[in-house]
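Quick notes on the structure that follows.
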Amino acid sequence: MKSNATQKDVAKMAGVSQATVSLVLNGAGSNSISDSTVAKINEAVRVLGYLPNYMARALRTNQTMTLACVVPDIMNPYYPALIRGVQAVAEAAGYDVITVSTDGQKERELHYLKMALQGRIDGVIGVFFGLGIIDLEPFIEAGIPIVRLEASVKRGGPISIDDFFVDNCQAAEDLTSFLISKGHSRIAMIAGRGGPQSVRVDGYRKALQSKRLKTLIQLDDAFTEEGGARAAVKLLDKGEKPTAIIAANDLMAIGVMHALMDHGLSIPDEIAVAGFDDIPAARLVSPSLTTVTQFQNSLGAQAAHALVERLNGTAIGPGRATQQPYRIIERLST
């Protein structure tokens with residue numbers, strides 16, 4: 001049932017002024033208003049079914065109290081944990097979060113940033129496949145806080161965009177070196193196009209070149225199970241039979257595993273398989289998948305914290321770059 005109760009009604013029932021109600025509901029009176037008064041106001045809100053008028057508040061404060069989390073593919077199991085991390089911190093700070101999917105297309109990424117210029121959201125956390133710093137600079141100049149989640153090393157700079165990054169090049173180098181340490185000398189790399197592909201392939205190359213081993217790379221258009229399966233079949237159809245395959249994400253790795261088993265190949269006895277991201281399915285497939293975790297929940301939470309700092313003015317000035325950890329998780333596929 002829709003409530004027509006107003007702040008004036010809440011104030012009357014709680015026996016306080018409307019200004020006190022406003023302070024409590026906006027989280028601005030925690031140090032100056034007694035716990036008993038806050039409890040009375042909260043009880044009146046509950047009894048009356050009072051709902052804040054967010055449109056009125058937005059007009060009054062020039063804030064929507066809403067953030068956008070922009071990801072390339074909301075169906076990719078990598079992102080839910082990251083989004084949960086963003087949401088937990090944002091909601092604790094009083095912000096709602098909308099999550100949007102762009103398919104990694106530049107125009108769609110721009111569309112959601114323009115929502116901030118239109119006053120529909122207050123700030124953006126994004127995994128941008130199509131937009132670079134030059135594209136984002138006009139939004140920063142317009143006062144829109146932006147936090148990026150990046151796949152390559154960032155250094156910060158004069159533009160106040162905060163970056164959280166995992167060194168995917170080093171992670172891929174470490175994963176390849178791990179397979180070499182297990183006796184593999186013929187290791188293939190399968191990847192989609194765009195996104196983290198280039199830095200992960202670079203790390204793979206570095207590890208093999210340091211041991212003077214041959215690289216064997218097969219690309220597909222999509223970071224999906226189907227893309228991984230297609231790339232694996234192309235590899236096998238060329239007569240290439242590596243002893244290990246690294247896929248640029250877990251979805252592709254699972255597709256690789258299906259293709260290998262369809263060809264009657266045993267994992268890991270004939271071909272070992274490793275992936276990236278440690279999505280929930282990585283533990284559930286058989287054999288379980290060796291992968292690289294990037295601690296997505298923590299990554300999202302830290303990104304949201306940085307954005308809230310920009311919004312409330314506790315962080316100002318140049319862009320900050322924060323490196324995040326990763327870890328190889330060995331399972332039965334290798």
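The values are calculated or read from the model by the stated rules, or taken from the named source; none is laboratory data. Owing to the predicted nature of the structure, the values given are computational and were not obtained by experimental measurement. Every residue, glycine as well, gets a Cβ built from its backbone with ideal geometry; the counts of neighbours run over all protein chains shown. Protein only, heavy atoms only, side chains kept; ligands, DNA and RNA dropped before computing areas. Shrake-Rupley method; radii C 1.70, N 1.55, O 1.52, S 1.80 Å.
Report the residue, chosen from I144, I180, I134, that carries the largest GNM mean-square fluctuation when the chain is represented by alpha-carbon nodes joined by springs under 10 Å.
In this elastic network of the chain, the residue with the biggest mean-square fluctuation among I144, I180, I134 is I134.
Counting only helical runs of four or more DSSP H residues, what would the 222 nm mean residue ellipticity of the chain come to if each run contributes -39,500 (n - 2.57) and the total is spread over all its residues?
-13500 deg cm²/dmol
Say each of K114 and T6 gets a label point 7 Å from the Cα, pointing the same way as Cα to Cβ; how far apart are those two points in nm?
3.8
Could you pull out which residues in the range 253-283 have an amide N less than 18 Å from a spot 7 Å beyond the Cα of K234, following the Cα-Cβ vector?
Only 253-260 fall inside the zone, counting backbone N under 18 Å.
At R0 = 25 Å, how high is the FRET efficiency between I98 and A315 if r is their beta carbon distance? Nearest 0.05 is fine.
Details: r = 23 Å, r/R0 = 0.90.
Efficiency at R0 = 25 Å is approximately 0.65.
Determine the percent antiparallel among the DSSP beta bridges restricted to the chain, to the nearest 5.
10
S286: accessible area at probe 1.4 Å, nearest 10 Å²?
Here the accessible area works out near 90 Å².
Roughly speaking, what is the centre-to-centre gap between the range 297-318 and the range 64-82 when only Cα atoms are used, to the nearest Å?
Cα centres, the range 297-318 to the range 64-82: 16 Å.
Looking only at the range 223-244, which residues have a backbone nitrogen under 14 Å from a spot 7 Å from the Cα of L332 in the C-beta direction?
Nothing falls inside the zone, counting backbone N under 14 Å.
Calculate the FRET efficiency for T243 and E141 from the Cβ-Cβ distance with a Förster distance of 30 Å, rounded to the nearest 0.05.
0.05
Which value, in Å² rounded to 10, gives the accessible area of L149 with a 1.4 Å probe and all protein chains present?
20
Using the alpha-carbon centroid of each, what span in Å lies between the range 113-134 and the range 153-189?
The range 113-134 and the range 153-189 have Cα centres separated by 26 Å.
Against the longest alpha carbon principal axis of the chain, how many degrees, from 0 to 90 and to the nearest 10, is the axis of helix 79-92 turned?
So the helix axis and the longest Cα principal axis differ by about 20 degrees.
What does the accessible area per residue of the chain come to in Å², with a 1.4 Å probe and no ligands, DNA or RNA counted?
Here the per-residue accessible area is 48 Å².
Could you give the length gained on full extension between Q323 and I74, defined as 0.36 nm per residue of separation minus the Cα-Cα distance, in nm?
Once the chain is fully extended between Q323 and I74, it gains 87.3 nm.
Name the long-range amide H neighbours of A272: under 5 Å, sequence gap of 5 or more, or other chain; modelled H, no Pro or chain starts.
When sequence neighbours closer than 5 places are left aside, the close amide H contacts are A244, I245.
What's the carbon and sulfur percent of the chain's accessible surface, probe 1.4 angstrom, rounded to a whole number? Write down the numbers at each step before the final one.
Numbers: 8190 of 15970 Å².
Exposed carbon and sulfur together represent 51 percent of the surface.
To the nearest 10 square angstrom, what accessible area does R108 show with a 1.4 Å probe?
80
Over the chain, what per residue volume does the convex hull of the Cα atoms give, in whole Å³?
Spelled out: Cα convex hull of the chain, divided by residues, is 161 Å³.
Could you check how many percent of all C-alpha pairs in the range 74-134 are farther apart than 17 Å? Spell out each step's value before the answer.
Working: 817 of 1830 pairs.
The calculated P(r) of the range 74-134 puts 45 percent of pairs beyond 17 Å.
Amide H of E150 versus every other amide H placed in the peptide plane: which residues, excluding those fewer than 5 positions away on the same chain, fall under 5 Å?
F164, F165, V166
Once you place label points 7 Å from the Cα toward the Cβ at N42 and D262, how far apart are they in nm?
5.6
Cβ neighbours within 10 Å, averaged per peptide: list 238-250, 217-229 in order, most packed at the top.
Details: 238-250: 22.2, 217-229: 20.2.
Packing order, densest peptide first, comes out as 238-250, 217-229.
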